[in-house]
Amino acid sequence: MKLLKIIFIMQLFFTLNNCRQKEDVSMGKEPDSYLNFEKKVFKEVFIEIVDSTHKDGRVYLQELPGMDFEKRKAKFEKDTNKLVFAIFDFTWPIWKENKKEIINHYNNSEFAYDDSKDIEKFKIDLQEFPNSKYIFKYNSKFPKGDKYKIWETKYDFEFAGALVFSRIQFTKNFEKGALAVSYACGTKCGWNYLVFIKKKNQKWIVEEVKVTSMS
C-alpha cells in the first residue's frame, strides 16, 4: 500500500508542477521577519538535507544483483561530474499522516502545528545554495508532458532525481523544527522523509532523518 501511495504522490507532484505556476503567492498573513527567519534556517540546512535524503545511483545501483561492484566503484571514484537535481519550485504541504508524526514527536507544551504553512507556500531561491557537489534546477525547467517524460529524457548531465520540500514547522522557542522531504529517482523509485532539525552552537543542523515510506 505504501509503495502504491508514494508512486501516486510523486506522479501527482510532476503532473501538478507541469501546470503553469503562479508567481503571486500570497504571504499576507505572515510577517516578513518570520518568513525571512524560516528561509534563513532553510538555507542553512538545505545541503545537509540533500546529502541525507538522495540516493546517488552511481553508488546505490552497486547494491543490485549482477552488478560489477568494483568496476562501478572505480568509475564512480573518477567521476567528477556534479549531480543535477530537479527542485520543485515552491514548497509543498505536509501530508496529514506526517503532520500527526510531527505533532507526536514534540511535547504539547513546546510545539503547536502551524496549519497556515500548508497553504502559504514560498518559492525556493536556488541561488541561495552554492556548493561544490550539486547543481540545482527548477523542476519547471525540465521537459513537460506525461509523468514519465522527465525520466525518459536523455540529458547531457548526471540527473540524480527530484526533490520536494515542505515548509518548516518550528517549536515555540524556535530551537528545533521539522519538515517533510520527498525524493524521486524514477517512476517507481522514491523515498519520503521527515527531517528534524535543531539549533546547535548558533547553527542549524539536521538532528534526525526518518523514512516514512519508500518504493
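The values are calculated or read from the model by the stated rules, or taken from the named source; none is laboratory data. The structure presented is a predicted model; accordingly, all values stated were derived computationally and were not measured. Note: ideal-geometry Cβ built from the backbone for every residue, glycine included; neighbour counts use all protein chains shown. Accessible surface areas use protein heavy atoms only, side chains included; no ligands, DNA or RNA. Shrake-Rupley method; radii C 1.70, N 1.55, O 1.52, S 1.80 Å.
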Handout entry: Of residues in region 156-206 being in a strand (DSSP E or B) and among the basic types (Lys, Arg), the one farthest from Glu101 (Cα to Cα)
Key = Lys203
Practice task
Could you please find all residues in region 88-122 being β-branched (Val, Ile, Thr) and within 14 Å of the chain's Cα centre (by Cα)?
Solution key: Thr91, Ile94
Handout entry: Close pairs from region 192-212: first within 19 Å of Asn104 (Cα to Cα) and without any contact (Cβ under 8 Å) to a residue 60 or more places away in the chain, partner among the polar types (S, T, N, Q) and surrounded by fewer than 16 Cβ atoms within 10 Å (Cβ to Cβ), Cβ under 8 Å, at least 6 apart
Key = none
Exercise for the section: Output the residues belonging to region 102-155 that are closer than 17 Å to Cys185 by Cα, in a loop (DSSP other than H, G, I, E, B) and of a type in the set (Asp, Glu). Expected result: Asp146
Handout entry: Residue check, Thr187 out of contact with any helix residue (DSSP H, G or I) (no Cβ under 7 Å at 6 or more places or on another chain), of a type in the set (Val, Ile, Thr) and either touching a residue at least 12 places away in the same chain (Cβ under 8 Å) or open to solvent by 10 Å² or more (accessible area, probe 1.4 Å) (or both)
Key = no
Problem - Selection count, region 154-203, where residues are out of contact with any Gly (no Cβ under 9 Å at 6 or more places or on another chain) and of a type in the set (S, T, N, Q) - result: 6
Problem - Total residues in region 126-142, condition of a type outside the set (S, T, N, Q) and open to solvent by 40 Å² or more (accessible area, probe 1.4 Å) - result: 7
Practice task
Could you give me the residue pairs with C-beta distances under 8 Å whose first residue belongs to region 79-93 and is over 16 Å from Val50 (Cα atoms), whose second residue is at pLDDT below 95 and part of a strand (DSSP E or B) wherever it lies, and which are 6+ apart or on separate chains?
Solution key: Asp79/Glu158; Asn81/Glu158
Completion exercise
Lys176 meets each of (1) closer than 20 Å to Lys43 by Cβ; (2) at pLDDT below 95; (3) in contact with a strand residue (DSSP E or B) (Cβ under 8 Å, 6 or more places away or on another chain); (4) not hydroxyl-bearing (Ser, Thr, Tyr) with one exception, condition (2)
Handout entry: All positions within region 101-125 that are in contact (Cβ under 8 Å) with a residue 12 or more places away in the chain, open to solvent by less than 70 Å² (accessible area, probe 1.4 Å) and more than 13 Å from Phe165 (Cα to Cα)
Key = Glu101, Ile102, Tyr106, Glu110, Phe111, Ala112, Tyr113, Asp114, Ser116, Glu120
Practice task
For residues that are in contact with a Phe, Trp or Tyr (Cβ under 7 Å, 6 or more places away or on another chain) and of a type in the set (A, V, I, L, M, F, W, C), scanning just region 181-215, find the one that is farthest from Ser166 (Cα to Cα).
Solution key: Met214
Completion exercise
Just one listed residue, out of Val211, Val181, Val206, is of a type outside the set (Ser, Thr, Tyr) and within 12 Å of the chain's Cα centre (by Cα), and it is Val181
